[in-house]
Amino acid sequence: MQKTKSEIVGLVFELVAVCVFITVLYLITLFL
Amino acid sequence: MTNSKSSFSSSKIICYYTGCIVIGIALLMLIPLVTSFLLREWNPVLDFLISIAITTAVGLTLIIIGIKTRENKVYVQWKHGFVVAALSWIILMVLCSIPYRLSGHNNSLLDSCFDVMSGFTTTGLILTQDLDHISIGLNMWRHLLTFVGGQGMVVLALSFLVKEISGAYKLYVGEAKDIGLVPNVKGTARIIWKISLVYLVVGTLALWIDGMLIGLNPVSAFFHGLFMFESSWSTGGFAPNSQNIMYYHSFSYEIITLIFFILGSLNFGLHYAIWQGKKKEIIKNIETQSFMITAFLSSAFAVIALSKIYPNSISTFRRVVYNVLSAHTTTGFGNIYARQFALEWGDFGTLIMVIVMLIGGSACSTAGGFKGLRVGIVFKSILSDVKKLLSSERNVKVFKYHHIKDYVLEDGVVRSSALIIICYIITFTIGTALGTYYGYSFADSAFESASVTGNVGLSIGITSPSMPSVMKVYYIISMYLGRLEFLSVFAMVGYFLGGIKRLCVKIRQS
């Protein structure tokens with residue numbers, strides 16, 4: 001159970017991290 | 001005498017494991033067969049039945065030749081692992097091209113082999129004609145090949161077919177997947193598949209819902225979602241239509257694919273570490289650091305150079321940043337027409353694309369290129385050499401890099417990284433020279449050559465059924481070398497040359 005929970009948290013973390021990365025790239029596009 | 005004996009048993013070991021992998025692919029053909037059957041596409045059903053029969057026959061023959069390997073539990077050596085990986089890819093290229101050829105959408109077997117190798121290596125270039133009218137069964141097969149190719153055929157066979165064997169790690173490394181997530185190789189292979197299958201569910205669901213929101217009917221949205229996810233995650237670049245990602249005319253669809261191809265280009269070791277709770281790894285890892293730096297720099301330079309072409313920031317982001325990241329992660333989804341790279345982006349835009357296509361994604365991921373890890377290692381070694389020159393001679397400092405755990409920056413690691421980068425550059429240079437020899441411009445030839453060497457799949461307009469056969473053959477070799485990272489192919493060539501040499505000596509003696 002703990003393992004599954006950790007895996008789901010990891011999955012969501014990865015998705016959020018990539019979304020943040022894309023947002024930063026969009027902001028770069030906006031300001032350049 | 002000893003040499004000939006060892007060569008004989010080596011052949012049996014190679015035949016046995018290659019046969020297992022071939023049988024694995026024959027079983028995989030059941031998926032498009034069932035799809036075609038359910039959708040009542042009778043011609044593809046027949047194509048896949050013929051293909052399964054031929055593939056199974058070849059697989060069983062190879063297993064029967066090497067059956068003693070199983071009975072005697074023979075130890076697998078490094079050379080066996082490398083040769084099995086390299087040989088399997090060639091045999092499978094021919095066998096998997098049978099449904100393509102039978103479909104009538106390719107001019108020749110060479111074109112079919114090109115498309116299969118492009119799928120396996122997650123490149124994404126195509127010679128298939130009238131793509132908008134191919135059957136769903138064949139589309140399923142195309143995207144399945146790219147999905148399996150991304151994870152690795154040997155990894156697939158190790159996960160589900162081959163029982164735990166002594167030396168299994170050597171088969172696994174032969175396919176350029178050299179990270180041990182758990183001590184057991186079969187366990188590592190299963191973790192790779194678990195991560196991919198979890199993302200398959202999440203990604204297909206997201207694209208399915210978005211597909212319906214942009215106006216596709218539910219069944220069509222499902223198949224488009226599944227195919228586009230498989231291409232995104234595998235950094236493949238195939239699409240079920242000739243317009244590629246442009247077909248959808250959707251910013252949201254592009255963003256979802258962007259998320260999944262960035263994730264697909266990350267190391268499986270990194271995914272596993274994060275899923276185990278080591279979230280800081282995403283910042284500390286030399287590969288993600290290298291990727292972030294090169295992605296930010298290349299996107300920024302491309303935006304500065306090309307923003308004048310596009311009317312606003314959203315348009316610039318969609319046309320420039322999306323394509324740069326698609327090239328950097330070696331995906332190959334393109335939301336501008338091939339000739340626009342040459343005619344609108346100009347030489348500077350082409351140069352940025354060539355550089356990021358050659359760098360590629362992460363090692364032990366679905367991505368191609370010479371990988372961020374190697375760029376990071378070589379860059380760090382240059383930095384450490386400069387630091388050594390500037391510091392006192394009495395100081396002995398050990399330089400390290402972090403990739404899941406801390407490693408000492410040894411000369412051997414730097415040398416092998418530099419060697420692989422040189423091999424990529426040589427392959428790319430020959431491809432560029434070949435393009436210019438056949439009359440294409442230098443910039444176009446370099447773009448296309450970088451795309452095949454880095455297993456990217458973006459085209460500037462050279463790849464087409466009418467291009468010279470020599471270039472098709474070279475591009476197949478280039479995709480194959482780039483994907484297996486040279487070592488396995490060199491080992492296979494060495495193995496066969498050794499065999500020929502021994503045979504010549506034997507003939508001369510008799």
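Just so you know, all these numbers are worked out from the coordinates, no wet-lab data involved. Just so you know, these numbers come straight off a predicted model, no measurement behind them. Positions of Cβ are backbone-derived with ideal geometry, glycine not excepted, and every protein chain shown enters the neighbour counts.
Among B:CYS15, A:THR23, B:VAL202, whose Cα projects farthest towards the positive end of the dipole of the protein assembly as shown, with charges put on the beta-carbon of Lys, Arg (+1) and Asp, Glu (-1)?
It is B:CYS15, whose Cα lies furthest towards the positive end.
If neighbour count is taken as other Cβ atoms inside 10 Å, put B:PHE333, B:PHE147, B:PHE490 in order from fewest to most.
On the way: B:PHE333 28, B:PHE147 25, B:PHE490 14.
So the residues, fewest neighbours to most, are B:PHE490, B:PHE147, B:PHE333.
What is the fewest-to-most order of B:LEU145, B:LEU28, B:LEU109, B:LEU138 by other Cβ atoms lying within 10 Å of their Cβ? Mind dumping the intermediate values first?
Details: B:LEU145 32, B:LEU28 20, B:LEU109 13, B:LEU138 25.
In order of increasing Cβ crowding within 10 Å: B:LEU109, B:LEU28, B:LEU138, B:LEU145.
Taking amide hydrogens as modeled 1.01 Å from N in the peptide plane, which residues meet the under 5 Å criterion relative to B:LYS400, leaving out close sequence neighbours?
Here the answer is B:LEU409, since their amide H atoms fall under 5 Å of that of B:LYS400.
Can you give the longest stretch of chain B with no exposed loop site, where a site means trypsin sites (Lys or Arg not before Pro) in a DSSP loop (not H, G, I, E or B) with at most 12 other C-beta atoms within 10 Å?
On the way: sites that count: B:ARG40, B:LYS73, B:LYS163, B:LYS280, B:LYS308, B:ARG394, B:LYS397.
Answer from the scan: B:164-279.
Taking only Cα atoms of segment B:334-386, what ratio of Rg to Rh do you get with Rh as the Kirkwood inverse-distance radius? Write down the numbers at each step before the final one.
Values: Rg = 14.8 Å, Rh = 12.9 Å.
Value, to two decimals: 1.14.
At 222 nm, what helix-only mean residue ellipticity would the protein assembly as shown give, in deg cm²/dmol to the nearest 500, using -39500 (n - 2.57) for each DSSP H run of four or more? Don't skip to the answer; put the middle values down first.
Working: 25 runs with 378 residues, N = 542.
Rounded to the nearest 500, the figure is -23000 deg cm²/dmol.
Considering the dipole of the protein assembly as shown built from charges on the beta carbon (Lys and Arg +1, Asp and Glu -1) around the Cα centre, which of B:SER445, B:ILE67, B:TRP193 is farthest to its positive end?
Of the options given, the answer is B:ILE67.
Of B:LYS284/B:LYS380; B:LYS279/B:LYS387; B:LYS186/B:LYS284; B:LYS371/B:LYS405; B:LYS380/B:LYS405; A:LYS5/B:LYS278, which sit over 22 Å apart, Cα to Cα?
B:LYS279/B:LYS387; B:LYS186/B:LYS284
Using every alpha carbon pair in chain B, what percent of pairs falls into each 20 Å bin from 0 up to the bin containing the largest distance?
23, 57, 19, 1
Can you compute the modelled spin-label distance between B:ILE309 and B:LEU46, with each label point 7 Å from Cα toward Cβ, in nm?
Result for the modelled spin labels: 4.6 nm.
How large is the dipole of the protein assembly as shown about the Cα centre if only Lys and Arg carry +1 and Asp and Glu carry -1, each at its Cβ, rounded to the nearest 20 debye?
1960
Considering every Cα-Cα pair within segment B:264-398, what fraction, in whole percent, is farther apart than 18 Å?
Within segment B:264-398, distances greater than 18 Å cover 61 percent of Cα pairs.
Report Rg(Cα)/(2.2 N^0.38 Å) for the protein assembly as shown, keeping two decimals.
It is 0.96.
Would you mind working out the magnitude of the charge dipole of segment B:257-371 relative to its Cα centre, with +1 at each Lys and Arg C-beta and -1 at each Asp and Glu C-beta, to the nearest 20 Debye? Working shown, then result.
Numbers: 9 positive and 4 negative charges, 53 e Å.
With Lys and Arg at +1 and Asp and Glu at -1, about 260 debye.
Taking the Cβ-Cβ separation of B:GLU410 and B:VAL34 as r and a Förster radius of 45 Å, what is the calculated FRET efficiency to the nearest 0.05?
Plugging the Cβ-Cβ distance into 1/(1 + (r/R0)^6) gives 0.35.
Return the lysines within reach of B:LYS79: Cα separation strictly under 16 angstrom, same-chain partners fewer than 8 residues apart disregarded; answer none if there are no such residues.
In chain and number order, the partners are B:LYS5, B:LYS12, B:LYS170, B:LYS177.
So for B:CYS15, B:CYS20, B:CYS504, fewest C-beta neighbours within 10 Å to most, what's the order?
In order of increasing Cβ crowding within 10 Å: B:CYS504, B:CYS15, B:CYS20.
If I model a spin label at B:PHE348 and B:ARG502 as a point 7 Å from the Cα along the Cα→Cβ vector, what separation in nanometres do I get?
5.9
For B:LEU389 paired with B:SER108, estimate the spin-label separation in nm (one decimal), with each label point 7 Å from Cα along the Cα-to-Cβ line.
Simple spin-label model gives 5.2 nm for this pair.
Can you give the FRET efficiency to the nearest 0.05 for B:ILE430 and A:LEU32, using r as the Cβ-Cβ distance and R₀ = 35 Å?
Efficiency computed from Cβ-Cβ geometry: 0.45.
Any chance you could check the Cα centroid distance between segment B:36-59 and segment B:86-120 for me, in angstrom?
Going from one Cα centre to the other spans 15 Å.
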